[in-house]
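First the structure, in the form of structure tokens, and then the observations on it.
The values are calculated or read from the model by the stated rules, or taken from the named source; none is laboratory data. Everything numeric in this text was worked out from a predicted model, so none of it was measured. Heads up, the Cβs are rebuilt from the backbone with ideal geometry, glycines too, and the neighbour counts pull from every protein chain shown. Keep in mind that these areas ignore ligands, DNA and RNA; they rest on the heavy atoms of the full protein, side chains included. Shrake-Rupley method; radii C 1.70, N 1.55, O 1.52, S 1.80 Å.
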Amino acid sequence: MTELSVRDVYDLQLREVSGICERAAGDGRPRQLLAIGDDSHHLLVGDLEPEVPEEFARHDLEPLLTGAGVRLGRSSQWEGVDTDDTGRVFVLREVPGTVFVFDPGLARLLHVLHLTVEDDPGEQEAWDADENALGEGLLLLRNGHLFVVKEEKPRQLLEFGLPGEQAQGLHGDLLVTDTGRFPTPGERTATFHMLSAWDLGGEALERVGDLSDVTVGPDGRVYLLSDESRCIARLQPTVPPESGTVAVDRIWGLPDRLHQPEGLVITPTWDVLIATDHEEQRENLFLMEGLDP
């Protein structure tokens, strides 16, 4: 297994980082890195051009949520973040499963998308068994479905859609990338039901212990991050819509110094950004190299 190497390290100035994503340039914005943590309702934004910034703008989104009547706990439970070509920001909350959609300027809460697995008693039992092992990463699909990675017990890939819709699985044409757009529902609040679920199989069954984030690479392939196994795994090119198992076709290791890797970005030039989760503020963003396609 090839191991990535560290080129540089940064301090995100955010405790308990749980997710990062890259926002494409648009509307006068350069490429940007977005970061969230599961402790606070802060979202950090920093320009990635010409390089990773030393400081990030901090946005406190709690007033937007409480102003919209969203009930909040003592911590944010934010675990994943993604964007589309509109610049909107989609934040995944683990408990209760929710995706919050904010405008590009992070000044308005546009949508609240609830996630439910109630149609599948077995899946509901797994979700009820451990609230600390649920949604950890989020991808947007062009068909309006949400692709969520579940951390463990069991580790899974889940597809969510509106009532009455059918699972379509996962392939390159469905992934929202720099030029893709996620079609949000007409209503401000909507409930997305689980349409399909896949367990890890093959080599990943033994070598990928949990799932902590997901992203799309420059090659249009899906890459998974594992905290427990400290590795990056590339998912099989196509995932059929029927529930079952999925495999990975390549795995890269991470150095021992990366404790609790929780956030993953792969840039257009194949640089890798990995954010780590620490209770105290410290250097927690690693610029890596060696992820050859």
Give the Cα extents of the range 224-293 along the principal axes, in whole Å, largest first.
43, 27, 18
Rounded to whole Å², per residue accessible area for the chain with a 1.4 Å probe reads 41
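FRET efficiency for residue 247 and residue 85, Cβ-Cβ distance as r, R0 = 35 Å, nearest 0.05? If you can, show how the numbers build up before the last one.
Working: r = 30 Å, r/R0 = 0.86.
Plugging the Cβ-Cβ distance into 1/(1 + (r/R0)^6) gives 0.70.
I'd like the carbon and sulfur percentage of the solvent accessible area for the chain, probe radius 1.4 Å, heavy atoms only, ligands and nucleic acids excluded. Before the final figure, lay out the partial values.
Values: 5090 of 11870 Å².
Whole-percent figure for carbon plus sulfur exposure: 43.
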Compute the distribution of all C-alpha to C-alpha distances in the range 46-128, in bins of 5 Å from 0, and list the percent of pairs in each, rounded to whole numbers.
3, 12, 19, 22, 17, 12, 8, 4, 2, 1
So what's the range 97-171 giving for Rg/Rh, alpha carbon basis, Kirkwood Rh from the mean inverse pair distance?
0.98
What translational D, rounded to a whole number of µm²/s, comes out for the range 143-293 from Stokes-Einstein when the hydrodynamic radius is the Kirkwood one over Cα pairs, at 25 °C and 0.890 mPa s?
150
To the nearest Å, what is the center-to-center distance of the range 64-102 and the range 192-214, using C-alpha atoms only?
22
Label points 7 Å out from Cα along the Cβ direction at residue 54 and residue 177: separation in nm?
3.5
Taking the square root of 5 times each eigenvalue of the Cα gyration tensor, what semi-axes in Å does the equivalent ellipsoid of the range 166-230 have, largest first?
26, 16, 12
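Roughly what % of Cα-Cα distances in the range 67-204 sit above 23 Å, to the whole percent? Please report the intermediate quantities before stating the final value.
On the way: 2881 of 9453 pairs.
In whole percent, the long-distance tail amounts to 30.
Residue 48: net charge of surrounding residues, Cβ under 10 Å, Lys/Arg +1, Asp/Glu -1, itself excluded?
Details: positive: 23, 31; negative: 22, 47, 49, 51, 271.
Its environment carries a net charge of -3.
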Out of 40, 75, 243, any idea which swings most in a Gaussian network model of the chain, alpha carbons joined below 10 Å?
75
Rounded to whole Hz, the Karplus (6.51, -1.76, 1.60) HN-Hα couplings of the range 264-278, x for glycine and proline
9, 9, 10, 7, x, 9, 6, 6, 10, 10, 10, 9, 10, 9, 10
Per 10 Å bin, what is the whole-percent P(r) computed from every C-alpha pair distance within the range 1-48?
23, 41, 31, 6, 0
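If each residue of separation counts as 0.36 nm, what is the full-extension length gain between residue 25 and residue 75 once their alpha-carbon separation is subtracted?
Numbers: separation 50, 0.36 × 50 = 18.00 nm, distance 3.07 nm.
Full extension from residue 25 to residue 75 adds 14.9 nm.
Work out which GluC sites (Glu not before Pro) in the chain are exposed loop sites (DSSP not H, G, I, E or B, at most 13 other Cβ within 10 Å) and give the longest gap free of them. Show your work: numbers first, answer last.
Numbers: sites that count: 51, 54, 55, 118, 131, 187, 242, 279, 280, 283.
Longest run free of exposed loop sites: 56-117.
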What does the range 1-112 give for Rg and for Dmax, in Å, if only its C-alpha atoms count?
14.5, 49
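Net charge around residue 225, counting only other residues with Cβ within less than 10 Å of its Cβ (Lys, Arg = +1; Asp, Glu = -1)?
-4
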In whole Å, largest first, the alpha carbons of the range 130-191 cover along the principal axes 33, 27, 21
Local electrostatic count at residue 271 - Lys and Arg +1, Asp and Glu -1, tallied over other residues with Cβ under 13 Å
-4
Among (i) 41, 21, 19; (ii) 31, 25, 19; (iii) 25, 24, 18, which is the computed semi-axes √(5λ) of the Cα gyration tensor in Å?
(iii)
Based on alpha-carbon centroids, what's the gap between the range 143-173 and the range 229-293 in Å, whole number please?
19
